[in-house]
Amino acid sequence: MPERKVTISETAPAIPNTGDSWIHLATRVEKIWNGTNWEPVLAKSGQSTGAKGAIVQVDFASAFSSIPRVALTAHSDVGAWLTEVTAGYFKWTNNSKSADVTIDWIATDAGSS
């Protein structure tokens, strides 16, 4: 399978490969080529806070149709670990032994097929 490419332009690539992404230059709407059509990418994001040493479950307001990709970043130098991802929620662990940790997260169905 060819390497996936991301194109940012006013027009979609003429000969895309399955899994390629296209971000419209003006609207910033991202779509992914499914082999036949450009499908919009569904993304959800938010923030979550967990007590020291806690395992935190974040429920999506509405479930994805398949298991999404999830990325998170902590607001401190303390590690936050992604431990489980499903179509309806994800879980993360606050690795701090002394403080609450807040994370920003994003989940997307891009490339999950």
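Values in this text are rule-based calculations from the coordinates and carry no lab data. Here the structure is a predicted model, which means the values were calculated and not measured. Here the Cβ positions follow ideal geometry from the backbone for every residue, glycine too, while neighbour counts run over all protein chains shown.
So which trypsin sites (Lys or Arg not before Pro) in the range 17-113 end up in coil per DSSP with only 10 or fewer other C-beta atoms within 10 Å?
Filter output for the range 17-113: R28, K97.
Below 27 Å, Cα to Cα, which lysines can K44 reach? Residues fewer than 8 away in the same chain don't count.
K5, K31, K52, K91
Ranking E10, E39 by Cβ neighbours within 10 Å, fewest first, what do you get?
E10, E39
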